[in-house]
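K.L.:
I have a structure here, written as structure tokens, and I will follow up with some questions on it.
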Amino acid sequence: MKEIQKILSRVRLAVEKYDMIEDGDRIAVGISGGKDSLTLLCAMAHLSKFLPRHYETVAIMIDMGFDVCVSHPAPRCEHEEIKKLCDSLGVEFYVKRTELAKIIFDTRKESNPCSLCSRMRRGILHDTAKELGCNKVALGHHFDDVVETFMLNLFFEGRVGSFSPVTLLSRKELYVIRPLVMTEERMIKSFTKKAGLPVEESPCPEDKHTEREYIKEYLHAFDRRHRGLYRRIFGALERGNIDGWHE
């Protein structure tokens, strides 16, 4: 498919530029069910066929447990279509059942749950990856996310920086890589639609009501008037060698 070739060209560029993959790696792809993580899963599976380094890919999904959440209940999903996708790609698929939704919304009754939820999900993902013998975790953050995170940090924390393309979690002896960081969101949307990826809607009540969404709307509005805004901010990160980014 032509669209996967476009994605792969950007992913390979990021992988090579930031030395994300080494021979013998066993890489866990964090699957949320959204377009970004499913695109990353497809890219990692296809990239392994021609990258001159052998690596294995496994898919891990953290089930939030909204089926046992009283305040925001949702039917339990068995992720059958994602399982089929993994089978077609020759990728192992694991679902880690949790009760995070119950803890966050019922027990703690968090009014701003996103930060806590993100930390807890990351911790569970990292631990599950280690249990499955993985030495790296791949996340689906893309080009637009890099810029939007930079602006979030600047606007809400007064801090210059974003996440890094490669991060070493020394305490867990685990690397986090982000192979989609040179892939624009528009390319991911196009690929998702043309490939018919089985995107699952998030049952989280906070979905699309976060500060990130406000920043995205602001940047998109500004970019319509001043084309190339995202590219200029991304370039500034690279030229400034901020958080591991470089030209």
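K.L.:
Quick one: which of V147, V160 is open to solvent by less than 30 Å² (accessible area, probe 1.4 Å) and not hydroxyl-bearing (S, T, Y)? Spell out how you get there, then give the answer.
P.N.:
Values: V160 fails: open to solvent by less than 30 Å² (accessible area, probe 1.4 Å).
So the residue among V147, V160 that is open to solvent by less than 30 Å² (accessible area, probe 1.4 Å) and not hydroxyl-bearing (S, T, Y) is V147.
K.L.:
Check off (1) of a type in the set (D, E, K, R); (2) part of a helix (DSSP H, G or I); (3) open to solvent by 60 Å² or more (accessible area, probe 1.4 Å) for D36 and give me the number that stays unchecked.
P.N.:
(3) is the only condition that D36 fails.
K.L.:
Turning to a different aspect of this structure: Quick check on segment 141-162. Is at least one of its residues touching a strand residue (DSSP E or B) at 6+ places or on another chain (Cβ under 9 Å) and at pLDDT 95 or above?
P.N.:
no
Rundown of residues vs (1) open to solvent by less than 60 Å² (accessible area, probe 1.4 Å); (2) touching a residue at least 60 places away in the same chain (Cβ under 8 Å); (3) assigned to a loop (DSSP other than H, G, I, E, B), yes/no style:
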{"residue": "V181", "(1), (2), (3)": "yes, yes, yes"}
{"residue": "S190", "(1), (2), (3)": "yes, yes, no"}
{"residue": "K194", "(1), (2), (3)": "no, yes, no"}
{"residue": "V199", "(1), (2), (3)": "no, yes, yes"}
{"residue": "Y214", "(1), (2), (3)": "no, no, no"}
{"residue": "R224", "(1), (2), (3)": "no, no, no"}
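K.L.:
Quick one: how many residues across segment 126-167 are β-branched (V, I, T) and not in a helix (DSSP H, G or I)? I'd like the intermediate steps shown before the answer.
P.N.:
Within segment 126-167, the subset β-branched (V, I, T) is 128, 137, 146-147, 149, 160, 166-167.
Now restrict to residues that are not in a helix (DSSP H, G or I): 137, 160, 166-167.
Qualifying residue count, segment 126-167: 4.
K.L.:
Listed residues I104, I124; which is of a type in the set (A, V, I, L, M, F, W, C) and crowded, with 19+ Cβ neighbours inside 10 Å? Give the steps one after another, and end with the answer.
P.N.:
Working: I124 fails: crowded, with 19+ Cβ neighbours inside 10 Å.
After applying the criteria, what remains is I104.
K.L.:
A follow-up question, please. Filter segment 201-210 down to the residues that are open to solvent by 70 Å² or more (accessible area, probe 1.4 Å) and either closer than 26 Å to M44 by Cα or β-branched (V, I, T) (or both) and list them by number.
P.N.:
E201
K.L.:
Right, here's the next one. Does segment 59-68 include one or more residues that are within 15 Å of the chain's Cα centre (by Cα), in contact (Cβ under 8 Å) with a residue 40 or more places away in the chain and buried (at least 17 other Cβ atoms within 10 Å of the Cβ)? Quick ask: steps written out before the conclusion?
P.N.:
Keep residues of segment 59-68 that are within 15 Å of the chain's Cα centre (by Cα), which gives 59-62.
Okay, now just the ones that are also in contact (Cβ under 8 Å) with a residue 40 or more places away in the chain, so 60, 62.
Checking the rest, the ones that are also buried (at least 17 other Cβ atoms within 10 Å of the Cβ) come to 60, 62.
Taking every residue of segment 59-68 in turn, at least one turns out to be within 15 Å of the chain's Cα centre (by Cα), in contact (Cβ under 8 Å) with a residue 40 or more places away in the chain and buried (at least 17 other Cβ atoms within 10 Å of the Cβ).
K.L.:
Could you say which residue among K109, K96 is assigned to a strand (DSSP E or B), open to solvent by 60 Å² or more (accessible area, probe 1.4 Å), more than 25 Å from F191 (Cα to Cα) and not small (G, A, S)?
P.N.:
Values: K109 fails: assigned to a strand (DSSP E or B).
Answer to the selection: K96.
K.L.:
Let me ask something else. Restricting to segment 83-103, what's the tally of residues that are more than 17 Å from C117 (Cα to Cα) and either of a type in the set (K, R) or touching a Phe, Trp or Tyr at 6+ places or on another chain (Cβ under 7 Å) (or both)? Lay out the reasoning, then the answer.
P.N.:
To start, the set of residues in segment 83-103 that are more than 17 Å from C117 (Cα to Cα) comprises 83-95.
Restricting the remaining residues to those that are either of a type in the set (K, R) or touching a Phe, Trp or Tyr at 6+ places or on another chain (Cβ under 7 Å) (or both) gives 83-84, 86.
Summing the residues that are more than 17 Å from C117 (Cα to Cα) and either of a type in the set (K, R) or touching a Phe, Trp or Tyr at 6+ places or on another chain (Cβ under 7 Å) (or both) in segment 83-103 gives 3.
K.L.:
Just checking, which of C77, C86 is crowded, with 16+ Cβ neighbours inside 10 Å and touching a residue at least 60 places away in the same chain (Cβ under 8 Å)?
P.N.:
Numbers: C86 fails: touching a residue at least 60 places away in the same chain (Cβ under 8 Å).
Of C77, C86, the one residue that is crowded, with 16+ Cβ neighbours inside 10 Å and touching a residue at least 60 places away in the same chain (Cβ under 8 Å) is C77.
K.L.:
When both residues are 6+ apart or on different chains and their Cβ atoms are under 6 Å apart, which pairs have a first residue that lies in segment 136-160 and is without any contact (Cβ under 8 Å) to a residue 60 or more places away in the chain, and a second that is assigned to a helix (DSSP H, G or I)?
P.N.:
Correct list of pairs: R159/N153.
The values are calculated or read from the model by the stated rules, or taken from the named source; none is laboratory data. Just so it is clear, the model here is predicted, and its values are computed rather than measured. Cβ atoms come from the backbone with ideal geometry, glycine included; neighbour counts cover every protein chain shown. Accessible surface is based on the protein model in full, side chains and every heavy atom, while ligands, DNA and RNA are left aside. Shrake-Rupley method; radii C 1.70, N 1.55, O 1.52, S 1.80 Å.
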